[in-house]
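Asker: This is the structure I want to talk about, given as structure tokens.
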Amino acid sequence: MTNKATQSTATPTGKKLRIGWFSYSCCEDSTIVFTELMNERWEVWKKVLDVRHARVLQTNNVLDEMDVAFIEGALASQEHIDMVKKIRVLAKKVVAIGACACDGMPSAQRNDFDAERLKEIQPILNQFNYNKNVQKLEEVITVDVKVPGCPMNEQTFLTALDSLLTEFKIVA
Amino acid sequence: MHLIDLTLNKEITKVEGSATLDVKITNGKVDHCRFGISEYKRFYTQAMRGKPYRALPTLLARICGTCSNAHLLASIEACEKALGFKPSHQAILMKQLTMFGLNIRDHALHLYLFAMPDMHGKDSFLEFDENDPEEHQILHDAFEIKAAGNYLSIIIAGRSVHAIKPQIGGFAGIPKPEEITEAVKKLTAARPAVLRTIERFMQAPDRFDRQTKFMAMVARPFSYLEGHIVSDQGDYIEEKDYREHLEHTIIPYSHASGYKFKGQSFMVGALARINLAKDTLHQQTRKDAQAALDLFPSTNVFHNNLAQAIEVLHCLDQSIEFLQTHHFETEPLGQPTLEEGTGIGVVEAPRGTLYHRVTIGKDGKVIKGDIIVPTGQNQINIEQDLARRIEELLPSDPDADSLQLELEKLIRAYDPCMSCASHFLKVRIDGAAVRAGQTLHQDRNQLVPQK
Ligand code: SF4
């Protein structure tokens, strides 16, 4: 089952999907999978994606309206929460990428630490105002699409991207 | 008019993970310059305790996405050494192939998506114009090399990130004959692109000389998995002495906060490996990359990129040879011969020497462990270099943006990985160095034990 985003037969309508790719408390692995999916799709994606914000890919990032914001990783600090709230306002659709964003784990493993381990990491939590608990995306903002998996499931991601490209009339 | 006062506190882009550059210049002099890792820790040192050892490698692979397979193999080796597993010849060969797949994919990602845009005045790799012949070739080469590395990792390790086939005691499956033929085809087809990559990074104009000690685990032939640790200043540490080396050199070093640590700073990574072991590379690589290899040993930090490009060629040539000469046979996983113990796994990860240590109890649970990552070892050099780079640039009176670009280019040459770096016990954020139990004394960058 190939996907529109990968088929060269999908006829771009000239419009581009305005996207942002954001990573918070995570190992950034779905970002690596995303760059690997580019290997066979970069020519199509260059025509249909307008990357507004992606710190890992570019230096001049603009945080303005987006059609779709892809958010990877769990939320470990108030700074993370403020950012995703801002993104939620700017993006028509938010896609949670990977297990950490969808369910919190494993980046939220400190939530289950026993007293002894918590005491050990407390100085760092205090010094750099980490939140008491690490939260998954849905606990802070509404999420339109979820791409689970650790790293994200490639097929689920490609299917989601396809339906978004169709929904926003980027490909006919 | 010299640049009198400037404060830079912007997020660094096109690197793995999040970090900020904290620079203050007053009266044309560098007041402070800190490369702060602002990645949030996820506390794997604490999380690993009490876990069944069989689950450890896949857990610790989540320390970092881009070099997850290096963490996986280092953790597997630590567990195998702790409990007396003897990996078979085929398992060792497949671990090598896993590292080759990782390095081809990861180096190409860094060279093309992070470093190459700077060399063409572009902001992002996707801005390269496919209608411009030279830029189209660059786009094509990058994705062809990455795809070949990715495919090799998939047939050997099951996945190019967070691989599933490498296990404690061996591999859960072998590649099919048709997969091997396809991999050899893709790797051979990508070879011209790799030679062009070496050519491109030989032309790179940037230069930053850094006198330092270079350190790496080396072997003959060239290996990312075995060998002894050497430096270019006569250090020679055999595997049996790794524990002592870890305790007295590596751990103290990567926790150092002051600029000078016992007067010796050192660098790990591709530049160190090629400086120390270029004559052990695959003979096909040495033949075709001779002109580039003649530039080493080098103290130009930007040659870390060129060294990575040369390593991609080595990994490609060595993979083709192994795939064409080895007959893969299904093997049962090895069994432990000890009930408990402590083991150390050392791997040359893409960014440098990676140490995993684990102590496993009779109940098969992890008692404790340590992970020392390459970026932590390079951090002191990075900060020293940034300060010196600013002083070099100040006379040309750069504005904030061009200064930030020049400093980011230097940081990217080191290819730091913040996901890994956020792991090590000492967290450096905007220069505030804290170790669990100690807080920073504000005006002095010293660690002050918490009362
Ligand atoms: S879900 Fe897995 S791969 Fe993705 S960031 Fe979290 S740990 Fe890394």
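Asker: Among the residues of segment B:103-126, are any more than 16 Å from the ligand (Cβ to nearest atom) and more than 30 Å from B:E406 (Cβ to Cβ)?
Answerer: no
Asker: Give the residue that is surrounded by the most Cβ atoms within 10 Å (Cβ to Cβ), with candidates limited to residues of segment A:17-44 that are over 30 Å from A:M105 (Cβ atoms) and out of contact with any helix residue (DSSP H, G or I) (no Cβ under 6 Å at 6 or more places or on another chain).
Answerer: Per the criteria, the residue is A:R18.
Asker: So, one more: Looking only at segment A:107-119, which residues are more than 8 Å from every other protein chain (Cβ to nearest Cβ), part of a loop (DSSP other than H, G, I, E, B) and either surrounded by 17 or more Cβ atoms within 10 Å (Cβ to Cβ) or within 27 Å of the chain's Cα centre (by Cα) (or both)?
Answerer: Result: A:A108, single match.
Asker: Of these, A:L125, A:L164, which one is away from chain B (no Cβ under 14 Å) and away from the ligand (no atom under 16 Å from the Cβ)?
Answerer: A:L164
Asker: Another question, if that's okay. Scan segment A:65-77 and tell me whether some residue there is within 14 Å of chain B (Cβ to nearest Cβ), without any contact (Cβ under 8 Å) to a residue 24 or more places away in the chain and surrounded by fewer than 20 Cβ atoms within 10 Å (Cβ to Cβ).
Answerer: no
Asker: To continue, here is another question. I'd like to know if segment A:66-74 contains one or more residues that are more than 16 Å from the ligand (Cβ to nearest atom) and either in a loop (DSSP other than H, G, I, E, B) or of a type outside the set (A, V, I, L, M) (or both).
Answerer: Among the residues of segment A:66-74, at least one is more than 16 Å from the ligand (Cβ to nearest atom) and either in a loop (DSSP other than H, G, I, E, B) or of a type outside the set (A, V, I, L, M) (or both), which makes the answer yes.
Asker: Quick check on this structure: which one of B:K86, B:K29 is over 29 Å from B:A413 (Cα atoms) and either more than 14 Å from chain A (Cβ to nearest Cβ) or modelled with pLDDT under 90 (or both)?
Answerer: Result: B:K86 is the single residue among B:K86, B:K29 that is over 29 Å from B:A413 (Cα atoms) and either more than 14 Å from chain A (Cβ to nearest Cβ) or modelled with pLDDT under 90 (or both).
Asker: Then there's this: Looking for whichever is modelled with pLDDT of 95 or more, among the hydroxyl-bearing types (S, T, Y) and farther than 23 Å from B:L97 by Cα here; the options are B:Y44, B:Y53. Which one fits?
Answerer: That would be B:Y53, the only listed residue that is modelled with pLDDT of 95 or more, among the hydroxyl-bearing types (S, T, Y) and farther than 23 Å from B:L97 by Cα.
Asker: Pick out, from segment B:245-344, the helices (runs of 4 or more DSSP H) lying fully within it that include 2 or more residues that are crowded, with 18+ Cβ neighbours inside 10 Å and β-branched (V, I, T).
Answerer: In segment B:245-344, B:303-325 are the helices (runs of 4 or more DSSP H) which contain 2 or more residues that are crowded, with 18+ Cβ neighbours inside 10 Å and β-branched (V, I, T).
Asker: To continue, here is another question. On the basis of being charged (D, E, K, R) and touching an Asp or Glu at 6+ places or on another chain (Cβ under 9 Å), does B:R220 make the cut?
Answerer: Taking the combined requirement at face value, the residue satisfies it.
Asker: Same structure, new question: Within segment B:109-141, track down each residue that is within 19 Å of the chain's Cα centre (by Cα), buried (at least 21 other Cβ atoms within 10 Å of the Cβ) and within 10 Å of chain A (Cβ to nearest Cβ).
Answerer: Within segment B:109-141, B:L109, B:Y112, B:F114 qualify.
Asker: Ok, one more. Restricting attention to segment A:128-145, report how many residues are among the charged types (D, E, K, R), within 15 Å of A:K93 (Cα to Cα) and either part of a loop (DSSP other than H, G, I, E, B) or within 12 Å of the ligand (Cβ to nearest atom) (or both).
Answerer: Residues meeting the conditions: 1.
Asker: So A:E154 ticks every box in (1) within 11 Å of chain B (Cβ to nearest Cβ); (2) surrounded by fewer than 20 Cβ atoms within 10 Å (Cβ to Cβ); (3) away from the ligand (no atom under 16 Å from the Cβ) but one. Which box is left unticked?
Answerer: (3)
Asker: Residues in segment A:90-102: is at least one in a loop (DSSP other than H, G, I, E, B) and either basic (K, R) or away from the ligand (no atom under 16 Å from the Cβ) (or both)?
Answerer: no
Table: residues versus (1) at pLDDT 85 or above; (2) more than 12 Å from every other protein chain (Cβ to nearest Cβ); (3) at positive phi.
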| site | (1), (2), (3) |
| --- | --- |
| B:N381 | yes, yes, no |
| B:Q384 | no, yes, no |
| B:A387 | no, yes, no |
| B:I390 | yes, yes, no |
| B:L394 | no, yes, no |
| B:Q404 | no, no, no |
| B:L410 | yes, yes, no |
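Asker: Out of all the residues in segment B:154-192, which are closer than 22 Å to B:G334 by Cα, assigned to a helix (DSSP H, G or I) and out of contact with any strand residue (DSSP E or B) (no Cβ under 6 Å at 6 or more places or on another chain)?
Answerer: Residues satisfying the conditions are B:I155, B:I156.
Asker: For the condition β-branched (V, I, T) and not in a helix (DSSP H, G or I), what is the one hit in B:T98, B:T58, B:T45, B:T66?
Answerer: That would be B:T66, the only listed residue that is β-branched (V, I, T) and not in a helix (DSSP H, G or I).
Asker: Residue check: is A:M83 touching a residue at least 24 places away in the same chain (Cβ under 8 Å), away from the ligand (no atom under 16 Å from the Cβ) and touching a Gly at 6+ places or on another chain (Cβ under 6 Å)?
Answerer: Considered against the rule, which asks whether it is touching a residue at least 24 places away in the same chain (Cβ under 8 Å), away from the ligand (no atom under 16 Å from the Cβ) and touching a Gly at 6+ places or on another chain (Cβ under 6 Å), A:M83 comes out as no.
Asker: Still on this structure: Just the residues that are modelled with pLDDT of 90 or more and either buried (at least 19 other Cβ atoms within 10 Å of the Cβ) or over 17 Å from A:S25 (Cα atoms) (or both), please, taken from segment A:120-134.
Answerer: A:V134
Asker: I'm trying to understand the selection: among the residues of segment A:25-60, which are part of a loop (DSSP other than H, G, I, E, B), without any contact (Cβ under 8 Å) to a residue 60 or more places away in the chain and more than 7 Å from every other protein chain (Cβ to nearest Cβ)?
Answerer: Correct list: A:A54 only.
The values are calculated or read from the model by the stated rules, or taken from the named source; none is laboratory data. All values reported here derive from a predicted model rather than from experimental measurement. As a convention, Cβ positions derive from the backbone with ideal geometry for all residues, glycine included, and neighbour counts pool all protein chains shown.
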